[in-house]
Amino acid sequence: MLPSKIAEIEQFLLAKQNGIEINADSFKAAAASRPRADKRGSIAVIPVYGAVSQRMNMMQEFSGGTSTEMLAKDIQAAADTDSVKAIVLNIDSPGGSVYGVKELSDVIYQAREKKHITAVSNSLSASAAYWIGTSASEFVVTPGGEVGSIGVYTAHNDFSENLAKEGIKTTLISAGKHKVDGNPYEPLTEDSLNNIQSRVNEYYDDFVNAIARNRGVSADAVKNGYGQGRVVGAEEAIRENMADRIATFDEVLEKLGAKQANTLKARVKMI
């Protein structure tokens, strides 16, 4: 996920921790108005908005996030329905957790054998959202859109000095040699750092290999280009082969022969 989005989420959680009241009604209203899958003629339009995670909790649903499990079901349902001739993924997401993304990417990639799938970066497809988008038959970026942020990161917080200043000493009692590796009550050991780095590298390799498969290029081409962890604008995305073409969302729908939206209330009954 983009670091800027992580910071935004941290500020929200910090506000809750400090007792700042959050108006739940406004969140419920936002969730109720969140765009759902709809059908435009024979085209199934499926939104991919907000932070991506494997499953939705209440806060993510209120803030308009996307569940990889729910999205996979929507796409499979559309791919298996004869009346749906093509699928459009309407993406506007800063990315999210790595969990469930590889599996979702494989679902989309395999569904290409049944239906033409167009993913549109409208206007942001970063990190996990880019992984998802490139799995489609074609990947389009809007003129003012951005794509990329191919990379993986995590963070370790060391609170030991602050706790010591407050006179707090934490003693961890555990079983299992590495059970408390990476805990926030003491500095990160070199062994723990190396282990965390190896996990980050594994997910990064999965990410790179998926993009290479989806875009029909080598893993080295992705690692040495494709923004190298940065998001890029539409023109650069085309130059770097990160997207197939530039078009507005309406232009994509028009090319596919879509009609006016017929929004359906239930996600799984979008078709």
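No value in this document is a laboratory result; all are computed from the given coordinates. All values derive from a computational prediction rather than experimental measurement. We place every Cβ from the backbone using ideal geometry, glycine too, and count neighbours over all the protein chains shown.
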Given axes a ≥ b ≥ c from the Cα gyration tensor, I'd like to know whether the stretch 155-219 is rounded (a/c under 1.5), prolate (a/b larger than b/c) or oblate. prolate
The stretch 155-219: relative contact order in percent, alpha carbon pairs under 8 Å with at least 6 residues between: 28 percent
In what sequence do GLU166, GLU69, GLU103, GLU240 fall when counting other Cβ within 10 Å, fewest first? GLU166, GLU103, GLU69, GLU240
Return VAL88, VAL208 ranked ascending by Cβ neighbour count within 10 Å, so the fewest neighbours appear first. VAL208, VAL88
For ILE168, ILE196, ILE150, what ranking results if the residue with the fewest other Cβ atoms within 10 Å of its Cβ goes first? ILE168, ILE196, ILE150
